[in-house]
Amino acid sequence: MTAHTPGGDPFYVTTPIYYVNDRPHIGHCYSTLVADVAARTARLLGRDTFFLTGTDEHAEKVSRSAAERGLSPQAWADQNAARFREAFDFMRFSHDDFIRTSEDRHKTRASAMIQQLLDQGDIELGDYHGWYDPSQEEYLTETTAKEHGYKSPVTGKPLEQRTEQNYFFRLDKYEPWLREEIESGAVRVLPEARKNEVLGRMKDGLNKVPVSRRIKPGDADWGITMPGDPEHRVYVWIEALCNYVTAIDTPERAKYWPASVHFMAKDILWFHAVIWPAMLHALGKEPPKVVYAHAYFIAEGRKMSKSLGNFIEIDQLRAYAARYSVDAVRWYLATQGPLGATDADWAYGRFVEVYNADLANGIGNATSRVAQMIEKYFEGVLADRCDGRFGFPDGKALQAALAARERAGNPPTDGARTFELAASTDAAARRAAGVLASGQIDESTAAGVTLVREIDDFITYAAPFTLAKHAEHIEHGQRALGAILYSCAEALRIASLFFYPACPDKMAELWRRWGCDHLHDPNDADSGFKAPLAELAEFGTGKFSLKPGQKIEKGDPLFMRGDPKLDAPA
Ligand code: MSP
């Protein structure tokens, strides 16, 4: 799907694979967006990136609902997986692969992993008795079951007592190793609050984990049979985790292991931070570097639930996108989402507020203003180059601008103020570079917003429109005007790089207007970049900087202003 910048350290980012039974909703889109923004940031930083998402298909509820519809489980899974693919294409996710656990490559790989664990004695047969949550297909500990009144903590449906002969993974064997990995940060569990939770829960000790269930008469032929025991099927959770290995199990992709970051929500952190690293260790494979569990999206202040019927589904996101653009939806998710430990709200009023502030009145308006001035004063052509310090060489452009303001009778400004746009763009690039280690994908968007604010501030201060009126009476007036507008356009070119991971299409449009085809392949908005961010973001004098004599196209506003008085899109 995506071409990559060649070279660079491998970066492997994953999302949970989603139950194919559900309709795609904001929660699935959010986790996948977070991974997409991380993947796009990684590509921008010049990392050789692999981004995986997909669907988890072997749950009992899939075969049950297929039967209710008179379909085979595979046919039902095919239909629903297609909905996820469509939703993710619509959201402009740039995954390199979409894995489905019903694919042969997965069944083969997952079976081989289970077989190895059996052979080594890491999986063994035993009796299991406990509280089972049929709606989630998982066993709960006595403590958790009691805490939730013996109801499913997720769906509220009653738990069942179940006893069965099961195969168990010897998670208990790996407790000391795992504790050390998590405490030392060799496996970083993020955000920090989640790490403490996991370590806290580990204090109760780690038990063996059931990894199979006995096939009942009438069960559909759906799932992976326990190697060497046709009466058992591999428990869907254990099998699903293996997807992260399946997808890179080819000679060309092997370099992506270990995973750089697994993203998910807090509901499934235990599987990813505890069971999965231990399984990998038992298999002689390196554990993931980061396990990042964000919180939940709620809808207009209320938890989303099937009973309230208030899930923000993909159709609603489509309606928002129809009015405000897909990039606007992505922007809200990326900047207002529950990336930390607390839940976040999808609220229409807030959506319009953020959209207007950051996009329509932010980068959109700055782009229009600068393009309009270049069109008006220089017939749409960049006149001069400027190093971002407004000299030629020593601050003369700013001095000319201040002289024009004074001549126009404007109140005096603080003449000592300096703008170092080149320093600001460098700082923004450093901030964006931290995203991959911290998982804080909103650092790149925040860097972009800060930069646009500085550009706006600079325009207000340097007032090129005033300078244009008085240029002929001011020493170096015309040249100063050219340098100032060049600086604005160049700073916006760099700011666009930080908006790109969240707003890839609108930024590709900006690059087209700015004649930046050299940043990437203009015919492929998802193509890799021609150089790492540090080079792309060099101000004024870099290989990728805007060039004097180059055309800047005005075009329609990138983001039309949103009217908060309109009803929410539906
Ligand atoms: N199939 C398992 C995951 C296996 S991974 C090896 C599963 N699937 S799921 O369809 O239930 O998806 C759960 C995930 O969806 C959460 O961890 C999160 O990534 C996302 N979200 C579902 N609801 C969400 C919100 N309300 N808010 C944010 N994300 C949530 O569990």
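Listed values, structure above:
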quantity: Viscosity 1.306 mPa s, 10 °C: Kirkwood-radius Stokes-Einstein D of the range 36-111 over Cα pairs, µm²/s; calculated: 113 µm²/s
quantity: Cut-off under 5 Å, modelled amide H: who pairs with Gly54 long-range; calculated: Tyr18, Ile99
quantity: Electrostatic dipole magnitude of the chain [Cβ: Lys, Arg +1; Asp, Glu -1; Cα centre; debye, to 20]; calculated: 920 debye
quantity: Relative intensity, log₁₀ I(q)/I(0), of the range 37-175 from a Debye sum that treats every alpha carbon as a point, q = 0.09, 0.10, 0.14, 0.19 Å⁻¹; calculated: -0.44, -0.55, -1.02, -1.22
quantity: For the range 10-57: rounded, prolate or oblate by the Cα gyration tensor [a/c cutoff 1.5]; calculated: oblate
quantity: The range 11-294 - accessible surface per residue (Å², probe 1.4 Å); calculated: 37 Å²
quantity: Angle in degrees between helix 442-462 and the longest Cα principal axis of the chain, rounded to the nearest 10; calculated: 10 degrees
quantity: Accessible surface of the range 11-294 [probe 1.4 Å, protein heavy atoms]: carbon and sulfur percent; calculated: 49 percent
quantity: P(r) of the range 11-294 over all Cα-Cα pairs, binned every 10 Å from zero, in whole percent; calculated: 6, 28, 38, 23, 4, 0
quantity: Pairwise centroid distance, computed over Cα atoms, of the range 497-570 with the range 11-34, Å; calculated: 27 Å
quantity: Other-chain or far-sequence residues with amide H under 5 Å of Glu138's (modelled H); calculated: Asp133
quantity: For Asp345, net neighbour charge (Lys/Arg +1, Asp/Glu -1) across residues whose Cβ lies under 14 Å away; calculated: 0
quantity: Share, in percent, of DSSP beta bridges within the chain that are antiparallel, nearest 5; calculated: 50 percent
quantity: Rounded to 10°, Cα long-axis angle of helix 326-336 versus longest principal axis of the chain; calculated: 80 degrees
quantity: Cα gyration tensor shape of the range 427-508, rounded if a/c is under 1.5, else prolate or oblate by comparing a/b with b/c; calculated: prolate
quantity: Reference-scaled alpha-carbon Rg (2.2 N^0.38 Å with N residues) for the range 350-536; calculated: 1.06
quantity: Residue (of Tyr500, Phe529, Ala145) at the positive-pole extreme of the chain, dipole from beta-carbon charges; calculated: Tyr500
quantity: Inter-part distance where the range 85-124 and the range 238-302 are each reduced to a Cα centre, Å; calculated: 11 Å
quantity: Cα convex hull of the range 301-356, projected area averaged across orientations, nm²; calculated: 4.1 nm²
quantity: Karplus 3J(HN,Hα) series, Hz, for the range 67-80 with 6.51 cos²θ - 1.76 cosθ + 1.60 (x for Gly, Pro); calculated: 4, 4, 9, x, 10, 6, x, 5, 5, 5, 5, 4, 4, 6
quantity: Long-range tail of P(r) for the range 129-263 (Cα pairs > 27 Å, %); calculated: 33 percent
quantity: Cross-link pairs Lys157/Lys306; Lys146/Lys303; Lys376/Lys396; Lys146/Lys173 - those with Cα-Cα distance over 19 Å; calculated: Lys146/Lys303; Lys376/Lys396; Lys146/Lys173
quantity: Rounded to the nearest 10 Å², the accessible area of Glu300 at probe 1.4 Å; calculated: 110 Å²
quantity: Kirkwood-Stokes translational diffusion coefficient of the chain, alpha-carbon pairs, 20 °C, 1.002 mPa s, µm²/s; calculated: 83 µm²/s
quantity: Rounded to 10°, Cα long-axis angle of helix 104-119 versus longest principal axis of the chain; calculated: 60 degrees
quantity: Highest-first arrangement of 130-139, 54-63, where packing means the average Cβ count within 10 Å; calculated: 54-63, 130-139
quantity: For Glu124, net neighbour charge (Lys/Arg +1, Asp/Glu -1) across residues whose Cβ lies under 13 Å away; calculated: -2
quantity: Lysines whose Cα lies under 18 Å from that of Lys216, excluding same-chain neighbours fewer than 8 positions away; calculated: Lys61
quantity: Note, ³J(HN,Hα) from phi for the range 53-62, Karplus 6.51, -1.76, 1.60, rounded to Hz, x at Gly and Pro; calculated: 9, x, 10, 9, 10, 8, 6, 4, 5, 5
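The values are calculated or read from the model by the stated rules, or taken from the named source; none is laboratory data. All values derive from a computational prediction rather than experimental measurement. Backbone-built Cβ (ideal geometry, glycine too); neighbour counts: all protein chains shown. The protein model used for the area step is the full one, side chains on, heavy atoms only, and it has no ligands, DNA or RNA in it. Shrake-Rupley method; radii C 1.70, N 1.55, O 1.52, S 1.80 Å.
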